[in-house]
1. Tell me which residues, restricted to region 16-40, are polar (S, T, N, Q) and modelled with pLDDT under 90.
2. Any residue in region 24-49 that is on the phi > 0 side of the Ramachandran plot sitting within a Cβ distance under 7 Å of a residue that is among the hydrophobic types (A, V, I, L, M, F, W, C) and part of a strand (DSSP E or B)? List the pairs, counting only those 6 or more apart or interchain.
3. Anything in region 44-60 that is surrounded by 14 or more Cβ atoms within 10 Å (Cβ to Cβ) and in a strand (DSSP E or B)? List them, or say none.
Amino acid sequence: MNKQMTRKNCGMEFDSDNTAENNQRNYHPEEAVHVGNSGPQGNYDEIWKFPCCDQIVLRDPQPARSPGCTQGVYIVDTEKTMANMPL
């Protein structure tokens, strides 16, 4: 039986049946910080910056932390995973 699990490193969810496939990925170890918007010349796109690598991202809503600047093995966030499991 597969279930949705949450990665502690980046907060993304993944299917438990694909743990080997999803175990080694790139992610940002820190959340993006909102720094403003691009104004009328940039269609008012929201500007985000990842403090871990200074990467700038234009998008709305806040960008996901995966893929990112750090490679490593994902750690399952057991607290969030258990909270999302049906009774």
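1. As a first pass, look at region 16-40 and keep what is polar (S, T, N, Q): 16, 18-19, 22-24, 26, 37-38.
Within region 16-40, S16, N18, T19, N22, N23, Q24, N26 meet the criteria.
2. G36/I47
3. Correct list: E46, I47, W48, K49, F50, Q55, V57.
The values are calculated or read from the model by the stated rules, or taken from the named source; none is laboratory data. The shown structure was predicted, so the numbers you read here are calculated from the model rather than taken from an experiment. A quick note on method: Cβ atoms are made from the backbone with ideal geometry, for glycine too, and the neighbour counts reach across all protein chains shown.
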